[in-house]
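FYI, it's all coordinate maths here, none of it is from the lab. Values in this document were obtained by computation on a predicted structure and should not be read as measured data. With ideal geometry, Cβ positions are generated from the backbone for all residues, glycine too; neighbour counts draw on all protein chains shown.
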Amino acid sequence: MNKPLVSHEVPFCLLNESLKFNDYQYCLPHLMDENEEYKNFFLEYRKQKDSYIIMDNSLHELGKAYNTDRLWYWVNTLNPNEFIIPDVWEDKNKSIINAKTWSQTIFPENVTKIAVIQALDIEEAMTCYQTYKDLGYKKIAFSYGASYYNKISNHPNKDIGKALGRIQLISFLYKNNIISDKDEIHLLGCSVPSEFGWYKDMPFIKSIDTSNPIMAAIEGNKYSFGGIHKKPLTNMNSIQDIEFDKIDLSLIWYNVLMFREINNLLKL
């Protein structure tokens, strides 16, 4: 079974370093407009023969999806391999409306559209997933931080609970044939890094993005064999401009390699 592709978002000073450990690059479109260094990195990277880019819509960073006109501009300019269409946090109906609109939009050739599950409970998630499939979406994403995950799992550690809640949701959808082996799923972020090892027997998990090992290292936290059981407090937005000499690069690499080892994702 092919292992899922992994990408770790990094501050600006580590963009070139990330080419050594990322399977693909995860692009935030609002930063393409805000930072010249970031923009130039992605435009140059796209020229490489083996480049692979998943472009987000920046909902997690901005609280709402980025400006539609700018998203469309960067889809056409950057021509990412995959694009996460705009969704609305924990709002199934509005996210489905967006998905219907974007499903009718003619995209550049070879750009795969990804729709994100937004819901308040398992039933809404099931409806959302099936609707996206009916609309023709070939790849669907699940975020890490949905509040209802903690209703699915009552683990006293809320971060572990979110991780358990997401895998229990996906397992439920798989058991009930809503998700099939031929589906393609992207996992957006994580609360605890060891979660990804729990998807070992799920061939439909195709890609992962998480800044967890990077953020943990910047906070000075070294992964154990079980990773860490608390999500780092640092937000990538708050440290994008951190200087290179303020970073322990050896700890970055240690956490990145340990992340892959504990999740059986070693490729390097």
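Relative contact order for the chain: what is it in percent, counting Cα pairs under 8 Å that are at least 6 residues apart?
Worked out over the chain, it gives 18 percent.
With each run of n ≥ 4 DSSP H residues scored as -39500 (n - 2.57), what mean residue ellipticity at 222 nm is computed for the chain after dividing by its residue count and rounding to the nearest 500 deg cm²/dmol?
For the chain, the value works out to -11500 deg cm²/dmol.
Rounded, prolate or oblate, given the Cα gyration tensor of region 5-262, with a/c below 1.5 counting as rounded?
It comes out oblate by the Cα gyration axes.
Which of the lysines could a cross-linker span from K151 if the Cα-Cα distance has to be under 25 Å and same-chain partners fewer than 8 positions apart are dropped?
Output for K151: K64, K92, K94, K162, K175, K200, K230, K231.
Can you give me the distance in nm between label points at Q48 and E109, each placed 7 Å from the Cα along the Cα-to-Cβ direction?
2.4
Label points 7 Å out from Cα along the Cβ direction at Q130 and N16: separation in nm?
5.2
In the chain, what percentage of the DSSP-assigned beta bridges are antiparallel, given to the nearest 5?
Numbers: 1 of 25 bridges.
Antiparallel: roughly 5 percent of the beta bridges in the chain.
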